[in-house]
Structure formats: structure tokens, C-alpha cells
1. Restricted to the stretch 261-272, and to residues that are in contact with a Ser or Thr (Cβ under 9 Å, 6 or more places away or on another chain) and assigned to a helix (DSSP H, G or I), which residue is modelled with the lowest pLDDT?
2. Would you please name the residue that is modelled with the highest pLDDT, looking only at residues in the stretch 105-152 that are over 30 Å from Val183 (Cα atoms) and hydroxyl-bearing (Ser, Thr, Tyr)?
3. If we keep just the residues of the stretch 242-260 that are part of a helix (DSSP H, G or I) and among the small types (Gly, Ala, Ser), which is most open to solvent (accessible area, probe 1.4 Å)?
4. Do we have any residue at all in the stretch 76-93 that's closer than 21 Å to Ala343 by Cβ, among the acidic types (Asp, Glu) and at pLDDT 95 or above?
5. Here are some residues: Leu286, Leu335, Leu340. Which one is farther than 30 Å from Ser154 by Cα and either assigned to a helix (DSSP H, G or I) or modelled with pLDDT of 95 or more (or both)?
6. Hey, among Val359, Val345, Val312, which residue is of a type in the set (A, V, I, L, M), crowded, with 20+ Cβ neighbours inside 10 Å and either out of contact with any Phe, Trp or Tyr (no Cβ under 7 Å at 6 or more places or on another chain) or at pLDDT 95 or above (or both)?
7. Determine, yes or no, whether Leu229 is assigned to a helix (DSSP H, G or I), open to solvent by less than 20 Å² (accessible area, probe 1.4 Å) and under 24 Å from Gly185 (Cα atoms).
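The values are calculated or read from the model by the stated rules, or taken from the named source; none is laboratory data. Predicted, not measured: the structure shown is a model, and the values here were computed from it. Cβ atoms come from the backbone with ideal geometry, glycine included; neighbour counts cover every protein chain shown. SASA here: full protein model, heavy atoms, side chains in, ligands and nucleic acids out. Shrake-Rupley method; radii C 1.70, N 1.55, O 1.52, S 1.80 Å.
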Amino acid sequence: MPVANPFVIRDIRRCTTGRASMIEAPVPVRHDRGNSLGFLRLLFASLVIVSHTTELLSGDRSSEPLSMIFGTLSLGDLAVNGFFIISGYLITKSYLGTRSVHDYLIKRIARILPGFVVAWLIVATIVAPLAGGQEGMSILAGAGWSLLLQAPYSAHAFAGTYHNSLNAPLWTIPWEFACYILVIGLAYAKAISKPVVLGCAAAFLLIVPHLLLRLPPSMALGDSYAFMLNGGRLIGMFLAGATFMLIEHDRIYSRRNAILASIIMIATLPFASLASVGVAIGGTYLVFMVGFRSRSTILRNINARNDISYGVYLYAWPIEKLLVMYVGFTSMFVLGAVTLALAFVAGYLSWIIVEKPAVNVARGFMKRQHRLWPRARKVSDSAAEAR
């Protein structure tokens, strides 16, 4: 006898009678095709490289383009915010369109973990020795550490250079996965489909850490403050994207709204306590205005079939650090261009060899699992037809 899937996502919806009904089916979600989100992800990965190039040559943000203008966020900060905004939209939509929490976790793990683990091992075994680092742990122990999405470390790696980290940008990856888990928590708290709740949570996370700066010295948070500030910013951006997904409709897109969003973002960027809020409001709108309303066929085709953006993000830093150490580039334009080209190659190889096969394996596994729970599938189908 077929066994019902115990992990089917349950969504409480209000019926026309006003009573709550329990539906064992995914929430119906409109899937947008032919968008430019792939282009934006690749653009954001490239902007991270541009931002890091200036910092790796000068040691600080004194020559970083956006920091020079506004003195708050860098291009790298802005790009990472964009990553999390897009992720909030797509991951929330993925959860609501997935038949079970089990499937959702498989998809998310398959998308983020294999590429990270392989990049971790390559950096630890190849880049670290080239960078003059000392072996800090065995490969087996390191592989286990990478499963926890922790960045590789090797003492004395890139000694004598600015920012001597093996792969500094990887600090954002655990926060990305934390957002995946947060979506499940929000769903069980019945808040995943409430834009007001998500929007207020985003505002809280983006504003409160800055208010903590006003605490007296005796109550200073020390190193934990940076943790709260960075984590609050990333999760806040993720929730901003999720909120936009819930309130999105065709009429929300207009030139007037795009101008208003631009004004909000530009007006708040000079203020450290408001910059992230402005990006969450204005930047979120602009991201999806470009992502869904751009008519450019070129933009829609860039990074659409082969999504190399994650691999570019994973490998750009160690590539650029090795170029600085061994080639000795002094021109930020030359260093940035060479890094960008090599990171694109690494990102493509990561997608073709690691990421895409992992996603395909996950899909095959889920199909086999679905055959074990045909009753759950039929319930889901019949409920969808009833709606």
C-alpha cells in the first residue's frame, strides 16, 4: 500500500467562506521565464571582483569606486546585497512551489554544497601551498569542515599581502544557507505568505544593529556587533526579496516607480544607518524591474543556460590573490580584467563539472522518491485541480 509523504508542505489558505482549510499541496506560484536574473547574478559576481581589486592593491577602500562617492557601502557590499535580494525572491518562490520540505532541502543542498566543497578542497590543497600557507588540518578533516560551509584557513598564506585570507568572500555562504533554513521556520510559523511580517522583520534586522551603536561604552558589543550587523544586513536583504515576491504584480512595474526607487536608494546611500534600508527598498525594486521587465534579448540570454555566477564568486578571490602574489600587477584595470576572465573560466568549469551534475543527481533522486509516495502526489494534484 502506498505510504503518504510525511513531509508534504501544508499551506493554510482562507476559503471564500472565511474558514481556514488545510491543503496538502504546494502554493500555486507563477513561474517567470525569459528573465534577466541570470545576467544580474553574473553582474553582481563581477562587481565583487571590481570591488576586491581595489582593496587588494591599496589595502583599504580609499580607491573603491562606490565608497569614494558615498563613503558607506562598497560595490562588493551592494553586489552581495543584490545576490541576497534575488535569492530571497527565488528561494521563497521555490519553497512555495515545492511539494515537500524534504524536496526543498535536497534542492537547496545540491545547489550550494557540492560547488562549495570542491572549491574548498581546491583552495586548501592547491592554493594554500602556492600562497605559502602551512597545513592546518588533514584533507579528511578539512572536507568535514567544508560541509559546515566554513572558509578554508592556512597559517601564513599570502603573507606580506593585503587581506591575507585564502578565500574571504566565503563568509557569506553560511548566511545564505541560514536563510534557506529560515524559510522553513517562517513557513511553520505561518508567516511565509505574510508580506507585512516579512517586511517588518527585514526593517528590524536592517535598522536595529545601527541603533546599537548608540549604546554606552560599558554596553559595547565588541566583535559580536560586526556579526550582528553583517548577518542582519544579509538576512534583511533576503527577506526584502521574499517580501517583493509576495506583493509582486504586473502593475507594480512602471517608469515612475523605477525613478522613485532610484531616488530612495541614492538619497540614503550617504548615510551609514540608512544605506542598507534604501537598498532593501529601492534596490529591490530596481533589481526585479531589470530582471523581469528588461526587453533585451542579450541580457536574457547571458548566464541563462549555464549559471556560472556561483563559481565565479567562489574562485575569484584566490585567483586574484595568486595574481597579485606571483605576477605583481599594479594596475587595477589589468588585474581586474585578468581576474574576471579567469574567474569566468573557473565558474564555467565549476558549473559543468560539479554544480550541474549535482543538481541533476538531486532531481533524479527526488523522482525516485516521488514514486514511493504516489498517494501524496495524487492528493497534491487533486487539491491543485480543486483550486
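1. The initial filter retains those residues of the stretch 261-272 that are in contact with a Ser or Thr (Cβ under 9 Å, 6 or more places away or on another chain), namely 261, 268-272.
In the following step, the residues that additionally are assigned to a helix (DSSP H, G or I) were identified as 261, 268, 272.
On the way: Ala261: 97, Thr268: 96, Ala272: 90.
Result: Ala272.
2. For the stretch 105-152, the residue satisfying everything is Thr125.
3. Within the stretch 242-260, the first condition is being part of a helix (DSSP H, G or I), and the residues that meet it are 242-247, 250-252, 255-260.
This time we only want the ones that are among the small types (Gly, Ala, Ser), so: 242, 258.
On the way: Ala242: 2, Ala258: 19 Å².
Checked the stretch 242-260; the qualifying residue most open to solvent (accessible area, probe 1.4 Å) is Ala258.
4. The answer is yes, given that some residue of the stretch 76-93 is closer than 21 Å to Ala343 by Cβ, among the acidic types (Asp, Glu) and at pLDDT 95 or above.
5. Values: Leu335 fails: farther than 30 Å from Ser154 by Cα; Leu340 fails: farther than 30 Å from Ser154 by Cα.
Step by step, each of Leu286, Leu335, Leu340 is checked, and only Leu286 is farther than 30 Å from Ser154 by Cα and either assigned to a helix (DSSP H, G or I) or modelled with pLDDT of 95 or more (or both).
6. On the way: Val359 fails: crowded, with 20+ Cβ neighbours inside 10 Å; Val345 fails: crowded, with 20+ Cβ neighbours inside 10 Å.
Just one listed residue meets the conditions, Val312.
7. On the way: assigned to a helix (DSSP H, G or I): yes; open to solvent by less than 20 Å² (accessible area, probe 1.4 Å): no; under 24 Å from Gly185 (Cα atoms): yes.
So Leu229 fails the test.
Rundown of residues vs (1) among the aliphatic types (A, V, I, L, M); (2) touching a residue at least 60 places away in the same chain (Cβ under 8 Å); (3) more than 21 Å from Leu314 (Cβ to Cβ); (4) not in a loop (DSSP other than H, G, I, E, B), yes/no style:
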| residue | (1), (2), (3), (4) |
| --- | --- |
| Ala155 | yes, no, yes, no |
| Phe158 | no, yes, no, no |
| Ser165 | no, yes, no, no |
| Thr172 | no, yes, no, yes |
| Ala187 | yes, yes, yes, yes |
| Lys190 | no, yes, yes, no |
